[in-house]
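Reviewing the structure listed below.
The values are calculated or read from the model by the stated rules, or taken from the named source; none is laboratory data. Owing to the predicted nature of the structure, the values given are computational and were not obtained by experimental measurement. Please note: Cβ atoms are built from the backbone with ideal geometry, for glycine as well, and neighbour counts cover all protein chains shown.
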Number of protein chains: 2
Amino acid sequence: MSFPPLDLNPSEFARQLGGLYPIIQAPMAGGITTPALVAAVSRAGALGSLACGMLTPQAMREKIAEIRALGCQDFSVNLFVLDDVPTDDAVVAAALKRLAPFYAAAGLAPVLPKSWAQSTQAQLEVALELRVPVVSFTFDLVDRDVIKALHARGTRVIGTATTVDEALAWEEAGADAVCAQGIEAGGHRGGFSRNLGQEQLGCMALLAQVCAAVGIPVIAAGGIMDGGGIAACLALGATAVQLGTAFLCADEAGTHPLWRQQLLNHRACETALTVAFSGRPARGLRNRFIDELALYASEIPPYPVQNALTAPLRAQAALKGDWEGMSLWAGQAHALIRSASAAEIIRQLVAQTREVAAKNRPLYGWSD
Amino acid sequence: MSFPPLDLNPSEFARQLGGLYPIIQAPMAGGITTPALVAAVSRAGALGSLACGMLTPQAMREKIAEIRALGCQDFSVNLFVLDDVPTDDAVVAAALKRLAPFYAAAGLAPVLPKSWAQSTQAQLEVALELRVPVVSFTFDLVDRDVIKALHARGTRVIGTATTVDEALAWEEAGADAVCAQGIEAGGHRGGFSRNLGQEQLGCMALLAQVCAAVGIPVIAAGGIMDGGGIAACLALGATAVQLGTAFLCADEAGTHPLWRQQLLNHRACETALTVAFSGRPARGLRNRFIDELALYASEIPPYPVQNALTAPLRAQAALKGDWEGMSLWAGQAHALIRSASAAEIIRQLVAQTREVAAKNRPLYGWSD
């Protein structure tokens with residue numbers, strides 16, 4: 001089965017909605033977005049995204065090959081835009097000292113990672129070589145030349161923004177579309193900010209302002225879990241929507257069983273925005289690790305240092321079945337999560353959106 | 001000119017949309033929601049709200065009489081639900097000590113207020129006696145008996161919630177509708193929480209979950225500034241919307257000229273959620289006062305102590321034309337603000353909502 005190519009020109013996008021729903025499965029790092037998930041999503045008429053931010057170039061190659069071997073030609077890959085990796089020994093030493101009690105409690109000795117983070121440049125070269133259909137970027141802006149190089153290979157580019165200024169910067173740099181990520185979203189904040197001090201815009205305020213400010217298509221993200229959310233984002237002016245948490249319990253997702261269990265059985269669990277796990281603001285189910293590290297949030301080193309140094313602790317917590325020590329990323333509307341195949345989740349999303357639209361039509365008409 | 005009575009039964013509500021738009025002008029304390037604004041809003045087919053939380057019973061009587069004298073029969077009054085006023089001398093002394101540098105800089109001597117806050121009970125008695133059509137409550141739940149007493153006088157009751165649990169509590173207590181206030185909203189958080197530590201839900205996540213949880217009509221609030229926002233909230237399942245910031249620059253509003261000027265000329269100004277001014281979380285334009293007090297946020301006494309003790313400082317800042325010392329409440333989408341008559345603002349909101357609905361109809365239809 002083949003699909004029409006993703007075209008991000010707004011009118012083209014709309015024209016194609018009959019065959020390709022304006023729904024994107026968000027990239028989720030740490031092995032959540034398996035090739036099987038990405039392919040299943042695309043097969044069901046939405047767009048799957050492979051999270052490559054934490055993959056070696058070799059792993060990235062293998063997973064893209066897997067996606068293609070599953071008959072999927074239309075998909076997106078997501079890259080982190082990271083500065084050169086920090087190697088400040090004093091920062092690392094201070095971070096390790098802060099984490100020492102956690103290592104001791106876990107019965108582990110601290111080990112420095114072989115590499116702090118993957119090279120954005122090396123990953124980009126793989127994306128160019130393999131002519132992936134869509135590349136999305138998070139954490140920072142890329143140069144115009146990078147976008148031009150991708151365009152020259154036939155690749156569409158999506159930037160991620162959490163403010164109006166960031167969205168304008170992506171448009172100016174030549175991106176084909178911008179993903180506007182509201183504060184409701186699970187996982188890492190995809191914008192340029194590295195701290196929790198700046199204003200964090202909710203979807204309702206962010207979309208209204210971004211859609212008014214930019215001319216390129218806007219993809220809405222953050223707290224969208226059902227057809228009501230999809231219809232709402234389209235009403236706010238978005239051309240498409242991106243859902244992450246909604247796919248965390250998809251059969252094909254690589255989500256850890258404990259993570260699934262927490263999502264499905266503890267729907268009342270609060271989420272929190274935290275730098276505890278990675279050094280960058282991210283939203284996950286609130287647990288002991290988040291609360292304990294909140295006490296010295298200002299001393300936590302930036303990504304990727306904290307991310308690399310807490311990785312062994314999180315792996316150990318997962319082994320021991322201790323969800324309170326794991327990073328269980330989730331959006332604010334996670335209580336509405338469904339456990340089903342990706343195809344079934346998409347089928348329900350589409351049916352609900354149509355239902356909402358039909359129900360609201362008389363409302364919208366008002367006294368007409 | 002007279003208007004049909006506000007009926008909060010969902011289907012009735014929908015049936016009346018031709019004559020009464022599902023738009024509520026939010027109550028905004030401190031003299032913003034003048035009788036002239038409330039009456040103009042209701043005259044234009046929406047529902048005006050008078051903020052009574054900080055009014056003496058006598059002032060409340062006078063303003064309600066003014067609204068009625070303007071020919072407006074359908075309006076809402078908002079009350080704060082406050083515990084007995086704290087009189088802990090040690091708390092007050094510590095608060096005054098913290099504010100001493102600010103008083104010194106303003107050239108003022110600290111003066112304790114004659115009363116810390118108005119009595120909710122006394123205000124409630126006025127609402128009952130005057131048979132106001134709608135009463136909305138913020139800051140806490142009221143007893144079932146209070147709601148029964150209001151119903152017995154023909155008054156409809158709206159509760160305010162910032163979480164699913166709070167919305168369920170209002171439904172259980174017998175409220176006719178619940179206003180779900182997202183984190184985007186300007187001014188005070190209307191829910192039961194008194195600190196910034198709990199999860200703060202964005203509109204997209206809050207509405208989806210509250211509309212799924214309760215059977216009573218849901219009124220959406222937070223970051224709604226235009227027809228796109230209104231259509232979005234209806235798509236999410238709301239029966240009506242409540243807008244505050246959108247009316248801050250209405251001709252009839254009592255907004256201070258400096259506040260208007262900041263909103264209209266500095267649209268890029270960030271907002272912040274702060275306890276600096278009142279001791280309760282509230283969102284306003286970020287300024288020097290917020291940033292300076294953020295350094296000892298945990299030591300700020302609760303509402304109404306901080307509110308009363310900062311009032312002379314804020315009044316002095318307003319006199320001096322120093323917006324950096326004033327509490328300029330505003331929602332996250334304040335950049336989309338309009339300066340016009342209330343009637344013109346409502347006319348534009350209605351026209352935009354219809355336009356959005358018409359534009360999105362083919363999108364919603366998808367492959368149908």
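Yes/no per residue for (1) free of Cβ contacts under 8 Å to residues at least 60 places away in the same chain; (2) more than 28 Å from residue A:324 (Cβ to Cβ):
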residue: A:185; (1), (2): no, no
residue: A:201; (1), (2): yes, yes
residue: A:218; (1), (2): yes, yes
residue: A:222; (1), (2): no, no
residue: A:225; (1), (2): no, no
residue: A:231; (1), (2): no, yes
residue: A:272; (1), (2): yes, no
Flagged in segment A:81-92 as of a type outside the set (D, E, K, R) and exposed (fewer than 11 other Cβ atoms within 10 Å of the Cβ), in numbering order, are A:87, A:90
Report whether or not residue A:307 is in contact with a Phe, Trp or Tyr (Cβ under 9 Å, 6 or more places away or on another chain) and farther than 17 Å from residue A:29 by Cβ. no
Q. Taking the stated definitions as given, is residue B:32 in contact with a Gly (Cβ under 7 Å, 6 or more places away or on another chain), surrounded by 18 or more Cβ atoms within 10 Å (Cβ to Cβ) and either at pLDDT 95 or above or not assigned by TED's automatic domain parsing to the domain that holds residue B:251 (or both)?
A. yes
Are any of the residues in segment A:245-258 within 18 Å of the chain's Cα centre (by Cα) and within 12 Å of another protein chain (Cβ to nearest Cβ)? yes
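Residue B:177: farther than 30 Å from residue A:230 by Cβ and in contact with a Pro (Cβ under 6 Å, 6 or more places away or on another chain), yes or no?
The answer is no for residue B:177.
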Note to self: For the structure I just gave you, tell me whether residue B:161 is within 14 Å of chain A (Cβ to nearest Cβ) and small (Gly, Ala, Ser).
What the structure shows: no
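Looking at residue B:71, is it out of contact with any Gly (no Cβ under 8 Å at 6 or more places or on another chain), modelled with pLDDT of 95 or more and outside any strand (DSSP E or B)?
In short, no.
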Checked pairs for segment A:312-336, first farther than 14 Å from residue A:268 by Cα, second of a type in the set (Phe, Trp, Tyr) and surrounded by fewer than 19 Cβ atoms within 10 Å (Cβ to Cβ), C-beta under 8 Å and 6 or more apart or across chains, list as A:312/A:103; A:313/A:103
Residue B:236 fails exactly one of (1) free of Cβ contacts under 8 Å to residues at least 40 places away in the same chain; (2) surrounded by fewer than 24 Cβ atoms within 10 Å (Cβ to Cβ), namely (2)
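The rows are residues; the columns are (1) under 23 Å from residue A:158 (Cα atoms); (2) free of Cβ contacts under 8 Å to residues at least 40 places away in the same chain; (3) in contact with a Leu (Cβ under 9 Å, 6 or more places away or on another chain).
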| position | (1), (2), (3) |
| --- | --- |
| A:47 | yes, no, yes |
| A:59 | yes, yes, no |
| A:70 | no, yes, no |
| A:73 | yes, no, no |
| A:83 | yes, no, no |
| A:99 | no, no, yes |
| A:108 | no, no, yes |
| A:114 | no, yes, no |
Reported set for segment A:171-187 where residues are out of contact with any Ser or Thr (no Cβ under 7 Å at 6 or more places or on another chain) and at pLDDT 95 or above is A:171, A:172, A:173, A:174, A:175, A:178, A:180, A:182, A:183, A:184, A:185, A:187
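So how many residues does segment A:192-210 have that are in contact with a helix residue (DSSP H, G or I) (Cβ under 7 Å, 6 or more places away or on another chain), of a type in the set (A, V, I, L, M, F, W, C) and closer than 13 Å to residue B:228 by Cα?
5
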If we ask which residues in segment B:136-156 are surrounded by fewer than 24 Cβ atoms within 10 Å (Cβ to Cβ) and assigned to a strand (DSSP E or B), their number turns out to be 1
Here the residues within segment B:32-52 that are among the aliphatic types (A, V, I, L, M) and over 11 Å from the mean Cα position of the chain (by Cα) are B:36, B:37, B:38, B:39, B:40, B:41, B:44, B:46, B:47
Of the conditions (1) surrounded by fewer than 21 Cβ atoms within 10 Å (Cβ to Cβ); (2) under 16 Å from the mean Cα position of the chain (by Cα), the single one that residue A:180 does not satisfy is (1)
All conditions in (1) under 29 Å from residue A:298 (Cβ atoms); (2) not in a loop (DSSP other than H, G, I, E, B); (3) not acidic (Asp, Glu) are true of residue A:121 except (1)
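Under the condition of being β-branched (Val, Ile, Thr) and assigned to a helix (DSSP H, G or I), which residue from segment A:26-63 is nearest to residue A:138 (Cα to Cα)?
Applying the filter and picking the extreme gives A:38.
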